Amino acid sequence: MTEELKVTHTMPSDSEQIPVVWRYELLKYLRSKRLVASLAIVALVVSLLYLLPFAFGDSYEDTSSEDFATTFMGFASILVIICATFFGADSIVSEFQNRTGYLILPNPIKRSTLFLGKFLASMTAGAIVIGLFYALTAILSLVSTGGIDADFGLSFAFCIEYLLAAMAIAYLIGTILKGSTGAIVLTFFLLFMILPIVDAVSMVADVEIDGSLTYAAGVITYILMDPYPVDNSTSMDMGQGQGLTFSVFYPDPGIAALVMFVYAVVALAFSMVLFKRKQLAG
Amino acid sequence: MIELQNLSKSFGPIKAVSDLSLTVEKGTTVGFLGPNGAGKTTAIKILTNMISATTGRALLNGIDVISHPKNALAHVGAVVETPEFYPYLNPVETLAYLGRIRGMKPNDIKTRTNDILDMVKLAEWRSTRIGKFSKGMKQRLAIGQALLHEPDILILDEPTSGLDPRGMVEVREIIRSLKKQNYTIFMSSHLLGEVQDTCDRAALIDHGKLLVHDSIDNLKNLSKVSKIEITSFGPIEDAKVAKMQSIPNMRGIDRVNHSTLVMTYEGSMESRAELLAEIQSLGIRVTGFSPVGLPLEMMYMDLVKESR
């Protein structure tokens, strides 16, 4: 039996196993309807953004391709957060909480291989959703304004980089926490509320936090503006001699790209190490 | 071959496995026994790369599973507890996934999938998503996936857990047939009868420590205490029962009915023969004299009691 096995059964390399994991993880997103739900959200949001002005008696007739893209891309970063939450937050933790790890871990596959296959599947699912959003926006921009903003591709590149960083953060949370619900809730609120609150407070405090991931992600929309917006301060008279200075900062594209890259690399490295050390006990 | 070398695992202050050394020779079937919390599943989880060891080594076919899990697990099939399956996949897809991870060729996967699903009696459910399966069906599929790639080592943690009596019998038959095919099988179980029926050898642990590892035949004889049911022709008077209580090494007598007693007796097979003669000398007309309970159970109770 063993001799026969050695002839017909050659252990695949790590790089050959990654696509196998990727394929079946992607199938999970398809069959669990998370991917379909995300695509439905894209269709709904694009429809609303496009049709609502008509409903209010307005149109995109005199709108430039830059303004058109800027209007739509305000939703891109929210879509990234939805993708990270749907496809990344519980990808690792569910193997432990749902006990599917008892099936997959005794197989001859390194945890790092399993991790990379899963992460690539999460990124693929997210990229499909983001890609559809940009594709629909581009088509509508062509139809409505007769063109596409010159920096549209750059915005897409930044958006994919933000997806990479947000997904890595989601994976890190998923490897630290013990429950899927906690990982999903924390990922969503960290990226949707907690970090944006920090960004907003920093504006009031007149402090620019270059290292904030959500602040850096603002580049997805700002890169479409020509010229690129510059930092400014507005002072308001509050009466009785009191004044409030409110600063608006815009992330430098180069620094934003670096910040998102560092988040992605550090969070991925930590989450992979934690996953490799995670015990399937209890 | 499976080797555990001075294996220890601590969870904080709790030592789940303590300096455990055990060798399962190639082609043998070894039962892994112990009470709840003895460390059986922890040792099996270390062997299957689910948890790391605090100290010591776990070798599969001579390869350390802790430092080289991929190579060590290449020819191993495992069922640890009752695993959960991906609910969005059906049995065919699940076996294809695991087969591809192991580098099996598509045709081999197809052929083996059909064989396996027939063997574990899930052929008619082959296209049903596993999310709808009962625990017993999942356990059968778990055993099936462990056999998919025709491994030479099988590690089974409570393989009949969750199965109905018929399912238990079927799984034991599968294990017996694999035993004939020279598989190396390491199987934990709470069911002593199951181990006695299917295994060549048994290892007993408690508090993470190995108490004994020997052939089933030797272990059966290891127990000093046995329960013997005695039946007489006609009633056994209380006075005679009192006299029997004073026989050396008699640990207790329970009356089942007017003519049947169960004796707890400590002694060798030879002294049991003398016991029978002594009982007959009391005027009891013995029509039945037979041990009750599993010999392995007696050994188990003896050793576990001693270790606590």
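With the structure loaded, tell me whether residue A:104 is of a type outside the set (S, T, N, Q), more than 14 Å from every other protein chain (Cβ to nearest Cβ) and either surrounded by fewer than 23 Cβ atoms within 10 Å (Cβ to Cβ) or free of Cβ contacts under 8 Å to residues at least 24 places away in the same chain (or both) or whether it fails that test. No: the conditions fail for residue A:104. Name the residue that is surrounded by the most Cβ atoms within 10 Å (Cβ to Cβ), counting only residues in region A:91-101 that are within 13 Å of chain B (Cβ to nearest Cβ) and either assigned to a loop (DSSP other than H, G, I, E, B) or on the phi > 0 side of the Ramachandran plot (or both). Of everything passing the filter in region A:91-101, A:91 is surrounded by the most Cβ atoms within 10 Å (Cβ to Cβ). Evaluation of residue A:221 against the conditions (1) surrounded by fewer than 20 Cβ atoms within 10 Å (Cβ to Cβ); (2) more than 14 Å from chain B (Cβ to nearest Cβ) shows that the sole unmet condition is (1). Within region B:78-93, the set of residues being crowded, with 23+ Cβ neighbours inside 10 Å and more than 8 Å from chain A (Cβ to nearest Cβ) comprises B:79, B:91.
Does residue B:71 fit the bill of being farther than 20 Å from residue A:28 by Cβ, modelled with pLDDT of 95 or more and out of contact with any Leu (no Cβ under 7 Å at 6 or more places or on another chain)? Steps first, please.
Working: farther than 20 Å from residue A:28 by Cβ: yes; modelled with pLDDT of 95 or more: no; out of contact with any Leu (no Cβ under 7 Å at 6 or more places or on another chain): yes.
No.
Taking only region A:38-68 into account, find how many residues are in a helix (DSSP H, G or I) and more than 30 Å from residue A:88 (Cα to Cα). Don't jump to the end; show me each part of the working.
Initial filter on region A:38-68 (in a helix (DSSP H, G or I)): A:38-55, A:65-68.
Still in the running and more than 30 Å from residue A:88 (Cα to Cα): A:51-55, A:65-68.
Here the count works out to 9.
Residues in region A:114-142 that are among the β-branched types (Val, Ile, Thr) and either under 23 Å from residue A:52 (Cα atoms) or facing chain B (nearest Cβ under 8 Å) (or both): A:129, A:130, A:137, A:139.
One line per residue, one yes/no per condition, for (1) in contact (Cβ under 8 Å) with a residue 60 or more places away in the chain; (2) touching a Lys or Arg at 6+ places or on another chain (Cβ under 7 Å); (3) surrounded by fewer than 21 Cβ atoms within 10 Å (Cβ to Cβ); (4) closer than 17 Å to residue B:26 by Cβ:
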site: B:172; (1), (2), (3), (4): no, no, yes, no
site: B:180; (1), (2), (3), (4): no, no, yes, yes
site: B:183; (1), (2), (3), (4): yes, no, no, yes
site: B:188; (1), (2), (3), (4): yes, yes, no, no
site: B:191; (1), (2), (3), (4): no, no, yes, no
site: B:203; (1), (2), (3), (4): yes, no, no, yes
site: B:207; (1), (2), (3), (4): yes, no, yes, no
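Cβ-Cβ distances below 7 Å connect the following pairs, each with a first residue in region B:129-152 that is more than 19 Å from residue A:28 (Cβ to Cβ), a second residue that is surrounded by fewer than 21 Cβ atoms within 10 Å (Cβ to Cβ) and hydroxyl-bearing (Ser, Thr, Tyr), and a separation of six or more residues or different chains: B:135/B:82; B:139/B:82; B:139/B:161; B:142/B:82; B:152/A:2. Of all residues in region B:27-36, none satisfies being closer than 25 Å to residue B:200 by Cβ, at the interface with another protein chain (Cβ under 7 Å from one of its Cβ atoms) and touching a residue at least 24 places away in the same chain (Cβ under 8 Å). Regarding residue A:85, is this residue modelled with pLDDT of 95 or more, under 16 Å from the mean Cα position of the chain (by Cα) and of a type in the set (Ser, Thr, Tyr)? Answer is yes for this residue. Only one of the numbered conditions (1) of a type in the set (A, V, I, L, M, F, W, C); (2) within 12 Å of chain A (Cβ to nearest Cβ); (3) touching a Leu at 6+ places or on another chain (Cβ under 9 Å) is violated by residue B:156, and that is (3). Determine, yes or no, whether residue A:25 is in a helix (DSSP H, G or I), free of Cβ contacts under 8 Å to residues at least 12 places away in the same chain and closer than 30 Å to residue B:106 by Cα. The answer is no for residue A:25. All of (1) surrounded by fewer than 24 Cβ atoms within 10 Å (Cβ to Cβ); (2) within 30 Å of residue B:208 (Cα to Cα); (3) touching a residue at least 40 places away in the same chain (Cβ under 8 Å); (4) at the interface with chain A (Cβ under 9 Å from one of its Cβ atoms) hold for residue B:70 with one exception: (3).
The combined condition, being modelled with pLDDT under 90, out of contact with any Ser or Thr (no Cβ under 7 Å at 6 or more places or on another chain), under 22 Å from residue B:219 (Cβ atoms) and buried (at least 17 other Cβ atoms within 10 Å of the Cβ), is not fulfilled by residue B:265. In region B:97-153, of all residues being of a type in the set (S, T, N, Q) and closer than 23 Å to residue A:10 by Cα, the one that is nearest to the other protein chains (Cβ to nearest Cβ) corresponds to B:145.
The values are calculated or read from the model by the stated rules, or taken from the named source; none is laboratory data. Values in this document were obtained by computation on a predicted structure and should not be read as measured data. Note: ideal-geometry Cβ built from the backbone for every residue, glycine included; neighbour counts use all protein chains shown.
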